[in-house]
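Data block below; observations after.
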Amino acid sequence: MAEKLLIAGNWKMHKTPSQTVEYFRAFKPMVEGIDEVEILIFPPFIDIPTAVSESRGSNIKIGAQNCYFEKEGAFTGEISPVMLREAGCEYVILGHSERRHIFGETDELINKKVISALEEGLRVILCVGETLQERESGLTFTVVETQLRLGLSGIGDKLDRIDIAYEPVWAIGTGVAAKPEDAEEVHRFIYEKLKEINPTKAEGVRVLYGGSVKPSNAEAILSQPHIKGVLVGGASLKPESFAEIVKIGASIERSK
Ligand code: PEP
C-alpha cells in the first residue's frame, strides 16, 4: 500500500466563488510544503474554476461532488465528466449518502456514473455506508458489500483509479463519529471484498473514513491500519480545522 493518506474536504452546498477565494488564500499557506499526504477539496460546481485557479501551483487538488454519466445532451441541470476534466478536476465523489438518500440515486445509476467518470480519466471516490436502521438490524456488512459490488460492476481493470469512502450514514453531519475500531472492522472487510473483486489491485485502493471527522478525533481514526484517509464535511469548511486534520495526517505519515 504505497499510496499516501488522502485528506479530502467535501464542502457540500457551502461557499460562493468569493468565499472560495477567501478560503484558499487562508488555507494555502497553512498547508504549504506538506507533501506527505494528498490534499483534495470538493467545492460546489460553481466554485470549481475559482478553486482550480486559486490552487494552481500548490499541493491541493480539486474534485467535484457529483456528475452525470452522459457526455452531453438534453439533461438540464447536469454536469458531465468531460466538463469536469476540462475545468481542472482530477476526482469526483460518487454515491455520497446525500445523493443516495435525498436525491434517490440507486446503485445502478451510481455505477453508470462510475464507469463514465473513469472513461473520461477522472479518479472516483465511491461512497458506501449503512443507515442507523441497517446497522441496528445487523446489515452493515451486507449493505456495504452490495454497494461496493454494484457500484464497481463492470469497471474492468480500473480499480486503481478508485478510492472508497466508508461513511456510515448515522455519523455524517451528526457530530458522532464511528468508534475508530468499529470503522477499522468495516475497512478490513472492504479490503477483503476488494481483493475478491480484483486481487492484484485491491491493495492500491485507499479506503477513507467519513462521518464527523474533526481535529479532535482525526488522529485516532487515521492511526487505524486499514484507514487510508478521511473524507471531511463540516470540519473542512474552516481553513484552520481542515489544515489541522491535514497536519495530523502528515505527522502520521512521517512516523511510519
Ligand atoms: C461528508 O460530507 O462526506 C461528511 C462525512 O460530512 P461530516 O464530516 O460533516 O460528517
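No value in this document is a laboratory result; all are computed from the given coordinates. Remember, it's a predicted structure, so these values are computed and weren't measured experimentally. Quick reminder, even Gly has a Cβ in these numbers, built from the backbone with ideal geometry, and neighbours come from all protein chains shown.
For this structure, a couple of remarks:
- With K and R counted +1 and D and E -1, the other residues having a Cβ less than 12 Å from that of P49 yield a net charge of -2.
- When each of K195, K158 is scored by the number of other beta-carbon atoms lying within 10 Å, the sequence from fewest to most is K195, K158.
- Within the chain, the longest run free of exposed loop sites, counting chymotrypsin sites (Phe, Trp or Tyr not before Pro) that sit outside DSSP helix and strand states (H, G, I, E, B) and have at most 12 other Cβ atoms within 10 Å, spans 104-256.
- Sum of -39500 (n - 2.57) over DSSP H runs of 4+, divided by residues of the chain (222 nm, nearest 500): -12500 deg cm²/dmol
- Efficiency of FRET from Cβ geometry, D35 and E119, R₀ 41 Å, rounded to 0.05: 0.90
- Between G57, G151, G173, the GNM of the chain built on Cα springs shorter than 10 angstrom shows G57 fluctuating the most.
- In this structure, Q19 and E90 have a Cβ-Cβ separation that, at R0 = 25 Å, corresponds to a calculated FRET efficiency of about 0.65.
- Reference-scaled alpha-carbon Rg (2.2 N^0.38 Å with N residues) for the stretch 5-254: 0.94
- Residues T76 and R56, FRET efficiency given R0 of 35 Å [Cβ-Cβ distance, rounded to 0.05]: 0.65
- Build a GNM of the chain with springs between Cα atoms under 10 Å apart, and of I46, I190, I125 the one that fluctuates most is I46.
- Counting other Cβ atoms within 10 Å as a rough exposure proxy, the listed residues H101, H96, H14 run H101, H14, H96 from fewest neighbours to most.
- GNM flexibility winner over the chain from N198, N111, N66 (Cα, springs under 10 Å): N198
- Fewest-first ranking of I102, I60, using other Cβ atoms within 10 Å as the exposure measure: I102, I60
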